[in-house]
Amino acid sequence: MIQPKGKLFGLIGHPAGHSMSPALHRELMNHLGFEGAYQAFDVPPEQLEDAVTALETLGYTGFNVTVPHKQAIMKLLDEHTSAAQVIGAVNTVIFKKGSRVGANTDSSGFMRALRANGVTVRDKTAVVLGAGGAARAVIFSLIENGIGGIRILNRTVSRAKELVEETLAKTDFARFMTTELSAKAVANALPVADLFINATSVGMWPDVEKSPCDIKGDASHVCAIDLVYNPVETRFLKTAREAGAKVVQGIDMLIFQGIEAMQLWTDGQIDAAALFEDIKSELINEMETHGRD
Ligand code: ATR
């Protein structure tokens, strides 16, 4: 078999063609100065097992996993990190001496993005909009880093309650409130919130005029964080900024989950601080030149 030079990395999703991860990892490898290739593969659910076997056989170092495979991939792996187990989702697989290891760098990437923006979570109150996979990763990360309390606001309140039940069964953390997502619930939560996090998919391109909520009134005590990274400045962040909030953009978390994955694959320490601003501006440039969808 003729192997390309360097390490091989991939992404499995369905669809996968519009992902920013190949551009992100290309930039990362450029900055780190090593040869390698990162390719996105569109894999429908019924071919997931064959695709994992193929990447393993072809000598890949590891791969990322995105929608809709983050849960389904778990049963195809030999080991999971404790974070992946508690969250119930894997976004990074490492082939390690004959073992397939599943990790979750959405949660660690989220916390590194907060740290890079000077935001701390210990003993604070977080309002989390959403109760899907992205919210799970965020909530795990908040608990692991000493959050004081979490209010989950979700369109389907039963889903928020399920998330709480599962988390209570897996961790010692119990300071939760769940409410249906509404303008009133947002207004009630705002005064007590330190962190206000959009972990729904609302506001993502092309629905850029949409927002899970508009933040009204004084939000100068709040840090608003959006997991949506396309567009870079969502309507949610724009209204929060106008209300005086500090903001953290979703693209920061995207970059840090990629840095964390690359660290796992290469067993290396990456000086992220030195790379972050350059990679961010290159990715924004890429989004603007190659279209947004
Ligand atoms: P992900 O893995 O990206 O979190 P998901 O598991 O499908 O995706 O979850 C999407 C989240 O966005 C959910 O919290 C969903 O609310 P429901 O649980 O009520 O479905 C939320 N969401 C999606 N579209 C929404 C909308 N138009 N308004 C409010 N919330 C929405």
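Every number here is computed from the coordinates shown, using simple stated rules; none is lab data. What you see is a predicted model; the values in this text were computed from it and never measured. All Cβ positions, even for glycine, are placed from backbone atoms using ideal geometry, and neighbour counts span all protein chains on display.
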Give me the percent of DSSP beta bridges within segment 66-218 that run antiparallel, rounded to the nearest 5.
-> 25
Using the Karplus equation 6.51 cos²θ - 1.76 cosθ + 1.60 (θ = phi - 60°), what ³J(HN,Hα) coupling, rounded to whole Hz, does each residue of segment 170-179 give in order, writing x for Gly and Pro?
-> 10, 9, 8, 6, 9, 8, 10, 9, 10, 9
Quick one: check the C-alpha center-to-center distance for segment 170-198 versus segment 262-293, whole angstrom.
-> 31
Percent antiparallel among DSSP beta bridges (both partners in the chain, rounded to 5) = 20
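With r defined as the distance between the Cβ atoms of D50 and K5 and R0 fixed at 22 Å, what FRET efficiency is calculated, to the nearest 0.05?
With a Förster radius of 22 Å, E is 0.25.
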Using alpha carbons only, how many degrees (0 to 90, rounded to 10) separate the axis of helix 48-57 from the longest principal axis of the chain?
-> 50
Could you please state, rounded to a whole Å, how far the C-alpha centre of segment 1-74 is from the C-alpha centre of segment 210-259?
-> 29
Would you please state the base-10 log of I(q)/I(0) at q = 0.17, 0.18 1/Å for segment 172-288, with intensities from the Debye formula using one equal scatterer on every alpha carbon?
-> -0.92, -0.98
Taking a ≥ b ≥ c as the square roots of the eigenvalues of the Cα gyration tensor of segment 241-293, is the shape rounded (a/c under 1.5), prolate (a/b larger than b/c) or oblate?
-> oblate
Order of R100, R155 - criterion: other Cβ atoms within 10 Å of each residue's Cβ, fewest first = R155, R100
Could you tell me how many degrees, from 0 to 90 and to the nearest 10, lie between the Cα long axis of helix 21-32 and the main elongation axis, the longest principal axis, of the Cα atoms of the chain?
-> 70
Would you pull out the residues with amide H under 5 Å of H80's amide H, same chain only if 5 or more places away, H placed 1.01 Å from N?
-> G102
Provide the per-residue ³J(HN,Hα) series for segment 272-282, in order, calculated from phi with Karplus coefficients 6.51, -1.76, 1.60 and θ = phi - 60°, each as a whole number of Hz, with x at glycine and proline positions.
-> 4, 4, 6, 9, 3, 5, 4, 5, 4, 5, 5
Divide by every residue of the chain the summed helix terms, -39500 (n - 2.57) for each DSSP H run of at least 4, and state the resulting mean residue ellipticity at 222 nm, rounded to the nearest 500 deg cm²/dmol.
-> -12000 deg cm²/dmol
What list of ³J(HN,Hα) values in whole Hz, one per residue of segment 135-144 in order, does the Karplus curve 6.51 cos²θ - 1.76 cosθ + 1.60 (θ = phi - 60°) give from phi, with Gly and Pro shown as x?
-> 5, 4, 5, 5, 5, 4, 4, 4, 5, 4
